[in-house]
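Derivation of every value follows stated rules applied to the coordinates shown; laboratory data play no part. On a predicted model such as this, the values are computed, not experimentally measured, just so you know. Here the Cβ is made from the backbone with ideal geometry for all residues, glycine too, and neighbour counts use every protein chain on show.
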Amino acid sequence: MLDKKEIDIIRKEVEKSMKNGEIIETSKGDFAHFFLKNAFDSIETAKLLIEVSTKEEMQSSLGFPKFNGFLWVINSSYYSMFYTARALLDSRGITIKADNSVHSVTFNALVYYFYLNGKLERRFIEDFKEAGEEAFEILGKEKAKILIEEYSSEKEKRNKFTYEIGEIAIKGKAETSLKRAKKFNEEARKIIEESA
């Protein structure tokens, strides 16, 4: 996933973000619990949406026949990972103060502070990156360009998601996103608890 060239770019971007005040190192963060609460709420939202999207009885009783929230399962799952990453960084006294590229800065900081020193396994970094790419590609968010512009190979994938993916494929992506987010959150919470 992350080759030497990408890691070198991330190192440079983190150093640049430190110099311009987007990444600030302090002795202790104050917002880890806030971010963990947002992560929990995002996971719960994803779980509810997948339940309602897959159970006709639930849809009928709520008055939303044929409800399909799979796109938002993917989005909520990604945001649970994003908030967990923010909590993890904050628990180590690393504050992100970026306005336009907070997702990119957060990803780079996560790689810099937790992947390069072996505190977070490669697969969790890969899951975080892929979840962000999928969520933003499928939803067509403008901010997605910020997160994935360096990864030109994703252009073809984005087109496929935007124009070719059917409901069954989106459901599968939603289920994968939720599963990935749960694992990422569990691992990051362990690291946060160890430092408490």
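Three principal axis extents of the stretch 7-145 based on alpha-carbon atoms, in descending order, are 54, 29, 28 Å. Checking every one of the trypsin sites (Lys or Arg not before Pro) in the stretch 1-109 against DSSP loop status and a limit of 14 other Cβ atoms within 10 Å picks out Lys28, Lys55, Lys66, Lys97. Under 5 Å from the amide H of Ile23 lie the amide H atoms of Met18, Lys97, each residue being 5 or more positions distant or on a separate chain, with H modelled from the backbone and absent for Pro and chain starts. Per-residue Karplus couplings for the stretch 76-84, computed as 6.51 cos²θ - 1.76 cosθ + 1.60 with θ equal to phi - 60°, are listed in order as 5, 5, 4, 5, 5, 5, 4, 5, 5 Hz, Gly and Pro entered as x. Phi angles of the stretch 38-51 translate, via the Karplus equation with coefficients 6.51, -1.76, 1.60 and θ = phi - 60°, into HN-Hα couplings of 4, 5, 4, 4, 5, 5, 4, 4, 4, 5, 5, 4, 6, 4 Hz per residue; Gly and Pro are given as x.
Let me check I've understood the local charge: for Ser61, count other residues with C-beta under 13 angstrom from its C-beta, Lys and Arg +1, Asp and Glu -1. What total comes out? Can you show the working numbers first?
Numbers: positive: Lys55; negative: Glu51, Glu56, Glu57.
Neighbourhood net charge equals -2.
Between Lys16 and Phe40, the simple label model (points 7 Å from Cα in the Cβ direction) yields a spacing of 3.8 nm. Were the residues from Glu25 through Lys171 laid out at 0.36 nm apart, the gain over their Cα-Cα distance would be 48.6 nm. Multiplying the residue separation of Leu116 and Glu56 by 0.36 nm and removing their Cα-Cα distance gives an extension gain of 17.0 nm. Computed from the Kirkwood radius of its Cα pairs, the Stokes-Einstein diffusion coefficient for the stretch 75-130 at 10 °C and 1.306 mPa s stands at 140 µm²/s.
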